[in-house]
1. Suppose we filter the stretch 220-250 for residues that are open to solvent by 40 Å² or more (accessible area, probe 1.4 Å), among the basic types (Lys, Arg) and part of a helix (DSSP H, G or I); how many remain?
2. Give just the number: which of (1) touching a helix residue (DSSP H, G or I) at 6+ places or on another chain (Cβ under 9 Å); (2) open to solvent by 10 Å² or more (accessible area, probe 1.4 Å); (3) modelled with pLDDT under 50 does Tyr463 not satisfy?
3. Among the candidates Asp4, Asp86, which residue alone is at pLDDT 90 or above, part of a helix (DSSP H, G or I), open to solvent by 20 Å² or more (accessible area, probe 1.4 Å) and not β-branched (Val, Ile, Thr)?
4. Taking the residues in the stretch 370-398 that are open to solvent by 70 Å² or more (accessible area, probe 1.4 Å) and under 21 Å from the mean Cα position of the chain (by Cα) as candidates, determine which candidate is farthest from Leu254 (Cα to Cα).
5. Against the condition assigned to a helix (DSSP H, G or I), closer than 30 Å to Val234 by Cβ and open to solvent by less than 20 Å² (accessible area, probe 1.4 Å), how does Trp67 come out, does it pass?
6. Going by what's in this entry, would Thr427 be described as surrounded by 17 or more Cβ atoms within 10 Å (Cβ to Cβ), modelled with pLDDT of 90 or more and among the hydroxyl-bearing types (Ser, Thr, Tyr)?
7. Looking at the stretch 176-195, can you tell me whether even one residue there is open to solvent by 40 Å² or more (accessible area, probe 1.4 Å), in contact with a Lys or Arg (Cβ under 7 Å, 6 or more places away or on another chain) and in contact (Cβ under 8 Å) with a residue 24 or more places away in the chain?
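The values are calculated or read from the model by the stated rules, or taken from the named source; none is laboratory data. These numbers come from a predicted model, not from an experiment. Please note: Cβ atoms are built from the backbone with ideal geometry, for glycine as well, and neighbour counts cover all protein chains shown. These area figures cover heavy atoms from the full protein model, side chains too; ligands, DNA and RNA do not enter into them. Shrake-Rupley method; radii C 1.70, N 1.55, O 1.52, S 1.80 Å.
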Amino acid sequence: MDDDILTGVNWKALPSADRIAYVAHAEWLSKAHPYQVPPPMEMDWYVWLLLAGRGAGKTAAAAEGLWWWTWTYRFRSLVLAPTSNDLKHTCFEGQSGLLSVIPSKLIQSYNKSEHQIILTNGGSIRGISADSYERLRGPQFHAAWCDELAAFNYLGEGQAWDMMNMGLRLGDSPRVIVTTTPRNKELILELIDREGDDVIVDRATTYANIKNLSSTFSKQLERYKGSKLYDQEVLGQVIDLEVGKVVSRSMFKLWPHSKAFPKFEYIVQSYDCAFTDKLWNDPTAMTTWGVFKPLDGPMSILLIDCWEEHLTFPSLKPKVIEEFGVVYGEGVDARRPDMILVEDKAAGISLIQELQKAYLPVRAWNPGRADKMQRLQITASVFTSGRVWLPENKTKRGYVRGWAEGMLSQLCSFPDSTRDDYVDSTTQAIRFLSDTGWIEINSQPYDPDSDSDESNDMQGNPYAV
């Protein structure tokens, strides 16, 4: 046990609960890597940013730091993670999560549904998912832990990060722990630039903690050496995974936020279902596309909605039915989706059968022998000809909407992206629209300098980092 933590502490006068807390914290400090220990609270800082590779011990570092603060200062603390399932399976109930590092005798209660831990001395830790950032309006906290911040889909102005900051208004010096595998995102770059100001940055590679990882995992890492994905996910470097890919951001056009949706001739909702219904596997991804005719040029498509969620099959069916009931557009041009497209595999097979029983317009999609890269390459001309539009951010002109950033990032970094659910959902939608005659995959690109009212060529505009 590290004796330094007990310096100046009257051990005999401590209540038994405080003794348990001190012993647990000292044991952690005795085995923690230097980069896993937060900066002293006495120092002048606001964000502790831990940029590290997979398996470097980010979760343990944040969980140990947050619970110790919460106990010591009786904080009301917040945990913010990409999704509700990330909160549960990683931050709270994971192998290195809060419930595994807080001594059980210090926990008064744990509310699974609310992701809330109440400690016996009155301190509390509450979890809220970034995709439910509106729930951050109202609650206030002393400290926060943002886990995998670079993976948040809602990082735009007034979304998860901003709402969290506005809720950190208790005490004299609120603190934020940010643990993330680095990605080339605007907020991550901004925090790095603030190093030496109000941000303290620690960095670590996967290999810094390799002794605590399985030998099989270590061997698997060798397969990725030399790739950008290895540099990002293992070495913890900020890498632009979008350079030189099949699809780039400059290929997309932005639909002005102040402009009403065009008249849609056809709307398709495309689903890529998780391979199994286990909550910790890949999520189900949905993209909704509206087909419209510009004043000049071939038929084009506009992304109307998209989301990724870890859903078991019982939850997936009502979610799909709910989405089918959404009306897009305004006035006489408003319409519901015309088709639900589901890949004919895994959980999608059962979903198709259930939707057919409910008499919904569902079509099973079979990509044949084409692999994921081939599917994207086949549809690439639709992107290169400037016929795919994304909604513009309401507050940041020239940027894509926050909810669409995850889809855009995944599509533009494939095959180096960590997931490909949006890629599958998008390519199957485009192939379906081509097969049914709504768009032509190999049509000639039209002149971006035309007088079309819809022409808004964003070539060279990096509207999301």
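1. Qualifying residue count for the region: 2.
2. So the condition that Tyr463 fails would be (2).
3. Asp86
4. Thr395
5. When the stated conditions are applied, Trp67 passes them.
6. Details: surrounded by 17 or more Cβ atoms within 10 Å (Cβ to Cβ): yes; modelled with pLDDT of 90 or more: yes; among the hydroxyl-bearing types (Ser, Thr, Tyr): yes.
Yes; evaluated as a whole, the condition is true for this residue.
7. No, every residue in the stretch 176-195 fails to be open to solvent by 40 Å² or more (accessible area, probe 1.4 Å), in contact with a Lys or Arg (Cβ under 7 Å, 6 or more places away or on another chain) and in contact (Cβ under 8 Å) with a residue 24 or more places away in the chain.
Residue-by-condition table, conditions (1) buried (at least 16 other Cβ atoms within 10 Å of the Cβ); (2) in contact with an Asp or Glu (Cβ under 7 Å, 6 or more places away or on another chain):
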position	(1), (2)
Arg74	no, no
Ala81	yes, yes
Leu119	yes, no
Pro139	no, no
His142	yes, no
Cys146	yes, no
Glu157	no, no
Gly167	yes, no
Leu170	no, no
